[in-house]
């Protein structure tokens, strides 16, 4: 049987996602803020612990992607290439190292969900929008005073909205999402009331990266309650900053940090 | 950490799906036909083999669902309850028993994808439509001569379309999807070029079932090629029949048939 | 040139909608309540005035439709037949008669928007959901105690949600939407700052109707603010009642009540 | 009553579209080809006639837009600003002048449909995708050899797909869409079997324009049949060329060319 992901077939043609490496071109709009570290700790299963420094730091990141496999063919049938996402990253510690960790994420395509299952991102479907820079007309260009909006909704409810007003070039694109990711990959047992059939802690990150000038700016951010979401529980106590950067990324697998009995 | 599926949190509120049991009300439009058994065999990884009788039989089933957890709360916020799906079922044998097996399936909600990952259904997103029976106006009622259409698209391409014209009440709703399901649950290893980190064969089926009168009818069916699908490879050699039935189903877990090294 | 609506072509095949009559099968979930009559009066352009009796009565109606033209062919390609809508109806008076009038409406298909332009319904796109009755499983049947939810969103924001709990059979399905509709059909002039190029007041209603037993029930209703909507301005002062009914309707044109210079 | 378009209210806040001027930033991927001029003539109602030169020339244009009103507020809530479209333009003559004319168009937002009703574009909903240029990662940059894909679907069927491979800078972005637009604005009469209640021929075009370097390239184009579309009837006899250009546009009304009894 061939095919990286399901459905597996003789040829592998129908697989929801092809084998890595996966290649990405995209725009990142990042908002970093501080919440109560106890709310971050709630989202860190053993053996993870809070990061030593600034443990309540959170990044809420919007990304507008074009992605493809080695064949590049998805780029020419862009319904299979383009997707948008919004995700929440915190930091944590494991065996003395600091990791980033995605605790919530929404995307708008099935292939992105499948990649998330492989990479340990807890992806749901959502409706994600962010202003794009453009050289002509009313859309903003990357320069001081430019304003970018970003919104997230799921289940027909708005969950978050942000406005970023660029102020200056920045040496960084934020720090919360700057470490290797430490993610759980978990599959509940098929039997009634069983624990997990599979649970592991894995590490991964970009295998190649290029990016343009990062920008920082002033941020307005609002989070909203919803009956099946807990994003708003990560209350905004203090805005750290906002950032905008265009990037190219390659992802080509990770490594297992620990096998776990159940999470 | 609480939550049946990801994301796991302190309360479990954000979990994409709650714990089973899961309850379903829905309408099934089924088309059964025969294809080349070799094309079915291609989709049966070891240790599965072709069914002894009628090994080329295929069921293409459209379903229009309302589903919920024990709380029933999803029914009152129906964006979280209602979804549609189209799926392809074949039969196979394992250790002397005959099983049904879903080889392709498309749904239109993320919670349905997540349930599929748990149950071993290889779910992708699609656009699925089927005529609904209705007591008034131009829509069909369940009686001879009533006509129901059903279509499936994914990636902005139509993949299948069927028209079912009811002819008579039927003692069955078809036979291909009538056995317990034998499904693989597979997670590729996170490392580059690794085999599967998790692979098992599981069995599951409805823990409770009720249904109305089944109807049979005449069928027109067309399958279409697409670059990322292999549905049309299950060529229609002979129509067996078409069926329509309204059902109520409960699903409450299954059991592991075999742990596998990799698939 | 042939074609009822645009685009007009030699054959008319591409017309977004075919000529009336149009036929509908559907389920109506109606919530009636009283608001400040001044808020209703704001939505009645000359020559319309408030209805004499109960002028603050409002109906918020969810409808789940299958619709078709005389050919019935849309029913067999249901992406062209099925749509959902939520709409707000008030009453008004014109030349001594009482009319119903749709002041806000959201649908989820383009053919429904086009019909609205013809009929004078001010249709926008929205995401509309309502619980469906079903004979099996967890979904409600039409009997006392059955509960139906209904929600409306547009622009990624939830605008309204209701829960209807059936209490008893009802001789009516409400009264606010029970009159012929008095609608404006307006097209702004193409020149900068011009008034309307076309403005008329028209009357229309069902040319044929059949329906099942109506039910009444208890209602919870919530309306939400949004930057491009004014639904929440029709504040809920007092719930009149909730209703559920399955219907079949034919629409086959109306008549002009008045030509207007501009509105 | 205030509000440029429906619904009209006391404040105008709920209007589906605000008053012009409207501002656009976007990317245009244009394919020009020749079809049988008789097929173009079929789409030109009186008093329009075929253009004198190259009367079978057709432009199929994909556009990826961010748009807004004078307030610019839509740019910061981009679900209200961003949309995609694909449209077919031919040329025609009226009173000795050559005009461009949009004969088919698909968009993915309701505000774009409403603008089309005002401007005379025969807009339907569709699913439209085109590769975006990006400075990093696998997406193309604007330079020789860069490849852009573009697809169009409606009603769950793919209608068109193109691949453009840039070859060189170009002094033009094509010629078919280069004239003022001559569009009909038509509203069928509300009475059964009536002719049009309103029919006029209008002219409009950009009131301001800026653009980057245009590129030309090699094109592959495929059109597909669908039961409610006639795009494929404009058969591709000869490819003229393909073009890519980023632009900023302002639209601020037009003028009436002729009032017509019915079309």
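All of the numbers you see were taken from the coordinates with simple rules; none came from a lab. Nothing here was measured: the structure is a model prediction, and the numbers come from that model. Heads up, the Cβs are rebuilt from the backbone with ideal geometry, glycines too, and the neighbour counts pull from every protein chain shown.
Set the Förster radius R0 to 35 Å, insert the Cβ-Cβ distance between residue D:13 and residue D:192 as r into 1/(1 + (r/R0)^6), and round the FRET efficiency to 0.05.
0.45
What residue of chain D sits with its beta carbon nearest the rotation axis taking D to A, and at what distance in whole Å?
D:132, 4
Would you tell me the mean number of C-beta atoms belonging to other protein chains that fall within 10 Å of each C-beta in A:10-21, as a whole number?
4
Treat the count of other C-beta atoms within 10 Å as a stand-in for reagent exposure and order C:101, D:233 from fewest to most.
Fewest-to-most Cβ neighbours within 10 Å comes out as D:233, C:101.
First check a/c for the protein assembly as shown, with a ≥ b ≥ c the square roots of the eigenvalues of its C-alpha gyration tensor; if it is under 1.5, answer rounded, and if not, answer prolate when a/b is larger than b/c or oblate otherwise.
rounded
Can you work out the PRE-style zone for residue A:207? Point 7 Å along Cα to Cβ, and I want the residues of the stretch A:236-252 with backbone N under 18 Å.
A:248-252
With chain A treated as a Gaussian network of Cα nodes joined by springs under 10 Å, which of A:140, A:188, A:55 yields the largest mean-square fluctuation?
A:188
Listing C:185, B:158 from the residue with the fewest other Cβ atoms within 10 Å to the one with the most, what is the order?
B:158, C:185
Restricting to the protein assembly as shown, compute how many DSSP beta bridges are antiparallel as a %, nearest 5.
95
For residue B:237, go 7 angstrom from Cα along the Cα-to-Cβ vector, then report the distances to that same point in the other copies in nm, smallest first.
Spelled out, the distances from residue B:237's label point are 4.7, 6.8, 7.3 nm.
Enter the mean number of other protein chain beta carbons within 10 Å of the beta carbon of each residue in A:77-89, as an integer.
Numbers: counts 13, 12, 11, 7, 6, 5, 0, 0, 0, 0, 0, 1, 0.
Other-chain Cβ atoms within 10 Å of each residue's Cβ, averaged: 4.
Mind pulling the per residue volume of the convex hull built on the Cα atoms of the stretch C:22-247? Å³ is fine. Mind dumping the intermediate values first?
Working: hull volume 33.5 nm³, N = 226.
Enclosed volume per residue, from the Cα hull, is 148 Å³.
Once the label point is set 7 Å along the Cα-to-beta-carbon vector, what list of distances in nm do you get between residue A:36 and its counterparts in the other copies?
Those separations, rounded to one decimal, come out as 3.8, 6.4, 7.3 nm.
Would you mind listing the distances between the residue B:70 label point and the same position in each other copy? Use 7 Å along Cα-to-C-beta, nm, one decimal, shortest first.
With the label placed 7 Å along Cα→Cβ, residue B:70 yields 4.8, 5.8, 6.1 nm.
Per residue of B:123-133, count partner chain C-beta atoms within 10 Å of its C-beta, then hand back the mean as an integer. Please list the in-between numbers first.
Details: counts 6, 9, 7, 2, 5, 3, 7, 2, 9, 10, 2.
Mean shielding count: 6.
Using the beta-carbon distance between residue B:54 and residue D:238 and R0 = 41 Å, what value does 1/(1 + (r/R0)^6) give for FRET efficiency, to the nearest 0.05?
0.20
Among bridges DSSP assigns within the stretch A:22-247, what percent are antiparallel (round to 5)?
Expressed as a percentage, antiparallel bridges in the stretch A:22-247 total about 95.
Rounded to the nearest 500, what is the 222 nm mean residue ellipticity of the protein assembly as shown from helices alone, with -39500 (n - 2.57) per DSSP H run of 4+ residues and division by all residues?
-1500 deg cm²/dmol
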